[in-house]
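The values are calculated or read from the model by the stated rules, or taken from the named source; none is laboratory data. All of these numbers come straight from a predicted model, not from anything done at the bench. Glycine gets a Cβ as well: all are built from the backbone with ideal geometry, and neighbour counts include every protein chain shown.
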């Protein structure tokens, strides 16, 4: 074990570590990875829902594609979208610092 290497700082309650030097790169990377993870989870779930529905004789895929949202549903989705965007951009409001800095 190399004892000349200083330990990585562990500061869970403090500022988040940064791994890239240009300002904002870590925040953007975090946002992209969170979006990619969320997108994959949703794609997989939709795939399974459509497959299960088809096995039960429900043409869910075509029904979803032709569905028209009500005004109440549009308002609910707008609120959900705003919450998602708030969660996505939360990383921009956190303090970042270079690793070892």
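For residue 59, indicate whether it is farther than 28 Å from residue 87 by Cα and at pLDDT below 95. It is true that residue 59 is farther than 28 Å from residue 87 by Cα and at pLDDT below 95. Only one entry of 39, 29, 35 meets the criterion of being touching a residue at least 40 places away in the same chain (Cβ under 8 Å), surrounded by 10 or more Cβ atoms within 10 Å (Cβ to Cβ), within 23 Å of the chain's Cα centre (by Cα) and assigned to a helix (DSSP H, G or I), and that entry is 35.
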